[in-house]
Amino acid sequence: TISYPNTIIVEEHYEADLGTGFISLDSIIGYFRDYYSKNIGWIKDEYIDETGANAGTMEVRRWIVY
């Protein structure tokens with residue numbers, strides 16, 4: 001297991017105006033959780049489905065800093 005120090009987590013939640021004001025789409029399409037590490041950048045992305053379960057993960061396997 002690779003450890004990434006100084007990592008922040010950003011959650012992407014979407015909303016839509018369906019005519020009555022903005023509502024959360026979490027219960028319809030889910031949301032994303034992105035992980036960023038200092039001096040590396042984006043390292044992981046998780047898709048959380050409408051039930052709250054982790055439905056998919058993409059993770060960096062190697063990186064080069066220029």
222 nm [θ] for the chain, helices only, -39500 (n - 2.57) per DSSP H run of 4+, per residue, to 500? -1000 deg cm²/dmol
How many percent of the accessible area of the chain is carbon or sulfur, using a 1.4 Å probe? 54
Using the charge dipole of the chain (Lys, Arg: +1 at Cβ; Asp, Glu: -1 at Cβ; taken about the Cα centre), state which of Y36, N54, I23 has its Cα farthest towards the positive end. Y36
Report, in debye and to the nearest 20, how large the dipole of the chain comes out about its Cα centre when Lys and Arg carry +1 and Asp and Glu carry -1 on their Cβ. 560
For Cα extents along the principal axes in Å, which listed value, (1) 48, 22, 17; (2) 32, 22, 17; (3) 45, 17, 9, comes from the coordinates shown? (1)
Once fully extended, how much extra length lies between D34 and V65, figured as 0.36 nm per residue of separation less the alpha-carbon to alpha-carbon distance? 9.2 nm
Using a 1.4 Å probe, what is the accessible area per residue for the chain, in Å²? 78
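The values are calculated or read from the model by the stated rules, or taken from the named source; none is laboratory data. Because the structure is a prediction, the values reported are computed rather than measured. Methodologically, a virtual Cβ is constructed for each residue, glycine included, from the backbone with ideal geometry; neighbour enumeration extends over all protein chains shown. Accessible surface is based on the protein model in full, side chains and every heavy atom, while ligands, DNA and RNA are left aside. Shrake-Rupley method; radii C 1.70, N 1.55, O 1.52, S 1.80 Å.
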